[in-house]
Amino acid sequence: MLLSKKQPSAAATQWIEKVKYHKNRDSYFKFLGNPHLRYTAFLLVFLSLWFLLQVLWFPPTKPTQTKFSITTPKPSAGKCNGNVAVYVYNLPEEFNLGLLDDCSHLNIYTNMCPHVANHGLGQPLDNMDLQSSDSNPWFATHQFIAEMIFHARVDNHPCRTWDPSKANLFYVPFYGGLHVSSNFREPNHAIRDALAVKLVDYLQAQPTWRKNNGKDHFLALGRTSWDFMRTDSGPDFGASCLLNLPCVKNMSVLTVERNPWKGSNQHGIPYPSYFHPSTSDQMMTWQNMMRQSNRPYLFSFIGAPRKGVGKAAIRDEMIKQCMESTQCKILKCDHGNPKCYNPSEILKVMRESRFCLQAPGDSFTRRSTFDAILSGCIPVFFSRHTAYTQYSWFLPEEASKYSVYMDEQSEESKRIEEVLMKIPKEEVDTMRATVIDMIPRLTYAHPNASHSDVGFEDAVDVALQALAQHVRDKI
């Protein structure tokens, strides 16, 4: 997203030239009589027009404010390590980009049009760090939009192949999360499931599918697996049957939250945060800022109370303990607190904290976990399913290297400050260093970025490499 320099208007240019002409008319006519000067002038005019044509015909990329910013990025000139060769299905638009035509109805709770802009990154954020760099890496990214960002990144990935015979991975860019969230209130299950069933029919008709019966195919979904695993028992929350279809069970499914018990083909990928760097310099500068950040608070909590016995208990306990402690910073998100929708306010709280409490939300996982890591704040988990059983491809194997765990039913969870105070400073410093080192692999780089400029492995790179190894073992 390079910003073009402001050029004078055509009218202004003509006025300037006219003034110059009248001031130098006599010299001008003398100039016409000299053939060498005429040739030089002609050459200069020709080159100037050629340069102007390049600028006007191929303008720099700018962040756009509308849904029409969803365009396929130009492939980068980066190199692939040879272990991944991913083929991207050119699906009928009804399965992905066509859904964006009705972006105001993609979510029953909010207008998604601002969020699907810029390949799913959303609207650019002002008043954030690193904005003096060539491109702004900060966006108001929606937490359930990973499928769009993943699609844009793979389209621009150096490991992409246009020859299916050379591929070891087949990516099916279905915007299943956006589709299902637009139909949460659809009472007719056949209508709610129709697009998922149509996708399966399409795939099974492809020769590339029949070769390995879909075992080398994968989906990337921006919502939790629960939104695609409707059951006949229990209440109907609006989920589809996508992940219950036998055909899809043959595939690998990347999702921001997997089912820990029935998700053997599901693999957790990070929720997108707000930071989408285009260069390694932006990433390293941010990491250094987090290493030097002053953290006056021992711990913090950002969130709202939850209804329901299970969810309410641990959250109420966290809020109570935090409000009673002088070493805790709390940002309560009930009653529509506007600070909870302001990324700079959220990251500020976390940047000033050594530990960030991560209670389960509406489901086990939270986008807040990745906001905390981005801020260099050590996450404190109260359920193993918030991270440990979810993101094995992305997190260190030894959880104590980067996090603290307190079972929500344990006595420790009732004296959080005391437990955290007992951790030696040297150990805290080592844990924070590990957390900050984890930031690149949990970040989605800007889809327009050149692979050679990015210079680090982001979440998509990590996912593709791990997935390629998984498929090799599977086949």
Which of the residue pairs Lys262/Lys422; Lys332/Lys422; Lys211/Lys262 have a Cα-Cα distance greater than 31 Å in the structure shown?
Lys262/Lys422
Which length gain, in nm to one decimal place, applies between Phe237 and Asp201 when the Cα-Cα distance is subtracted from 0.36 nm times their residue separation?
10.4 nm
What dipole magnitude, in Debye to the nearest 20, does the stretch 369-475 give about its Cα centre under +1 on Lys/Arg Cβ and -1 on Asp/Glu Cβ?
200
Net charge over other residues, Cβ less than 12 angstrom from the Cβ of Val419 (K, R count +1; D, E count -1)
-2
Under a point spin-label approximation (7 Å from Cα along Cα-to-Cβ), what is the Asp101-Met421 distance to one decimal in nm?
6.3
If packing is taken as the mean number of other Cβ atoms within 10 Å per residue, what is the order of 174-182, 88-96, highest first?
174-182, 88-96
For the stretch 291-438, what is the relative contact order in percent, using Cα pairs closer than 8 Å and at least 6 residues apart in sequence?
24
Given the whole protein assembly as supplied and a 1.4 Å probe, what does the accessible area of Ser135 come to in Å², nearest 10?
10
Ordering Arg315, Arg210 by accessible area with a probe of 1.4 Å, largest first, what comes out?
Arg210, Arg315
Starting from the Cα-Cα distance between Glu94 and His335, subtract it from 0.36 nm times their residue separation and give me the gain in nm to one decimal.
83.0 nm
Where does each of Phe394, Phe184 land when they are ordered by accessible area, with a 1.4 Å probe and the largest first?
Phe184, Phe394
If amide H atoms are built 1.01 Å from N in the plane of the peptide, which residues on other chains or at least 5 residues away come under 5 Å of the amide H of His267?
Val253, Leu254, Thr255
Take every DSSP beta bridge with both residues inside the stretch 291-438 and express the antiparallel ones as a percent of the total, to the nearest 5.
0
Setting aside same-chain residues fewer than 8 positions from Lys198, which aspartates and glutamates have a Cα under 13 Å from its Cα?
Glu93, Glu94
Read phi for every residue in the stretch 112-125 and hand back ³J(HN,Hα) as whole Hz from Karplus 6.51 cos²θ - 1.76 cosθ + 1.60, θ = phi - 60°, with x for Gly and Pro.
8, 4, x, 7, 8, 5, 6, 6, x, 6, x, 7, x, 9
Sort Thr386, Thr231 by heavy-atom solvent-accessible area, probe 1.4 angstrom, most to least.
Thr231, Thr386
For the stretch 291-438, what is the accessible area per residue in Å², given a 1.4 Å probe and the full set of protein chains?
46
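The values are calculated or read from the model by the stated rules, or taken from the named source; none is laboratory data. Predicted, not measured: the structure shown is a model, and the values here were computed from it. Counting neighbours? That spans all protein chains shown, and the Cβs are built from the backbone with ideal geometry, glycine included. For the accessible areas, the whole protein counts, side chains as well, though only heavy atoms, and no ligand, DNA or RNA atoms are used. Shrake-Rupley method; radii C 1.70, N 1.55, O 1.52, S 1.80 Å.
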